[in-house]
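Asks: Take a look at the following structure, please.
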Amino acid sequence: MDLQVTLWFSPPVPVRTERVGITLHVNSVQGAAAELLKWPQRGPLWNHAVNMCIDALALEVEPEVARDAFREAAAEEGMLLPVI
C-alpha cells in the first residue's frame, strides 16, 4: 500500500507569488518544495532548503527543519513577506 503523507508545518510561511498582490501561505514540506521549484533565482540557501525538503520527505528530518530552511531561502531571494 502506497500512502502519501503530507508533512505539515506551522505557522505557515508567507511568500510572494508570480501574481502581483497575491500571497501564498506555505504550510507543508510538499508545498515548500513545489514553490522552491518555481523561483527563478536560486542562491545557496535555496539549495539548502531543497535538500531539507528532500530529507523531510524521506523522514530524515522534522518538517520544522524544512520550514526554517524554506523561510531562510525565501528571505534570501526576497520572496518572504511579513506576517500580518
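The values are calculated or read from the model by the stated rules, or taken from the named source; none is laboratory data. Because the structure is a prediction, the values reported are computed rather than measured. Every residue, glycine among them, receives a Cβ derived from its backbone with ideal geometry; neighbour counts consider all protein chains shown. Note: areas computed on protein heavy atoms with side chains; ligands, DNA, RNA excluded. Shrake-Rupley method; radii C 1.70, N 1.55, O 1.52, S 1.80 Å.
Asks: Right, Leu59: over 11 Å from the mean Cα position of the chain (by Cα) and of a type in the set (A, V, I, L, M, F, W, C) or not?
Replies: Details: over 11 Å from the mean Cα position of the chain (by Cα): yes; of a type in the set (A, V, I, L, M, F, W, C): yes.
Considered against the rule, which asks whether it is over 11 Å from the mean Cα position of the chain (by Cα) and of a type in the set (A, V, I, L, M, F, W, C), Leu59 comes out as yes.
Asks: So Arg67 fits all but one of (1) open to solvent by less than 80 Å² (accessible area, probe 1.4 Å); (2) assigned to a loop (DSSP other than H, G, I, E, B); (3) touching a residue at least 40 places away in the same chain (Cβ under 8 Å); what number is the exception?
Replies: That leaves (2) as the condition not met.
Asks: Take the conditions surrounded by 12 or more Cβ atoms within 10 Å (Cβ to Cβ) and assigned to a helix (DSSP H, G or I) and apply them to Asn47. Does it pass? Write out each step before concluding.
Replies: Details: surrounded by 12 or more Cβ atoms within 10 Å (Cβ to Cβ): yes; assigned to a helix (DSSP H, G or I): yes.
Here the answer is yes, as Asn47 does meet what is asked.
Asks: Looking only at region 50-64, how many residues end up being touching a strand residue (DSSP E or B) at 6+ places or on another chain (Cβ under 6 Å) and surrounded by fewer than 20 Cβ atoms within 10 Å (Cβ to Cβ)?
Replies: Within region 50-64, the first condition is being touching a strand residue (DSSP E or B) at 6+ places or on another chain (Cβ under 6 Å), and the residues that meet it are 63-64.
Going one step further and asking which of them are surrounded by fewer than 20 Cβ atoms within 10 Å (Cβ to Cβ), we end up with 64.
The qualifying residues number 1.
Asks: Which residue is nearest to Ala56 (Cα to Cα), if the candidates are limited to region 1-43 and must be open to solvent by less than 20 Å² (accessible area, probe 1.4 Å) and in contact with a Cys (Cβ under 9 Å, 6 or more places away or on another chain)? Explain how you work it out, then say what you get.
Replies: Narrowing region 1-43 to residues open to solvent by less than 20 Å² (accessible area, probe 1.4 Å): 9, 13-15, 26, 28-29, 32, 35-36, 39, 43.
Those still in the list that are in contact with a Cys (Cβ under 9 Å, 6 or more places away or on another chain) too: 29, 32, 36.
On the way: Val29: 7, Ala32: 11, Leu36: 15 Å.
Among those residues, the one meeting the criterion is Val29.
Asks: Could you tell me which of the residues Ala34, Ala74 is outside any loop (DSSP other than H, G, I, E, B) and in contact (Cβ under 8 Å) with a residue 60 or more places away in the chain?
Replies: None of the others qualify; the one that does is Ala74.
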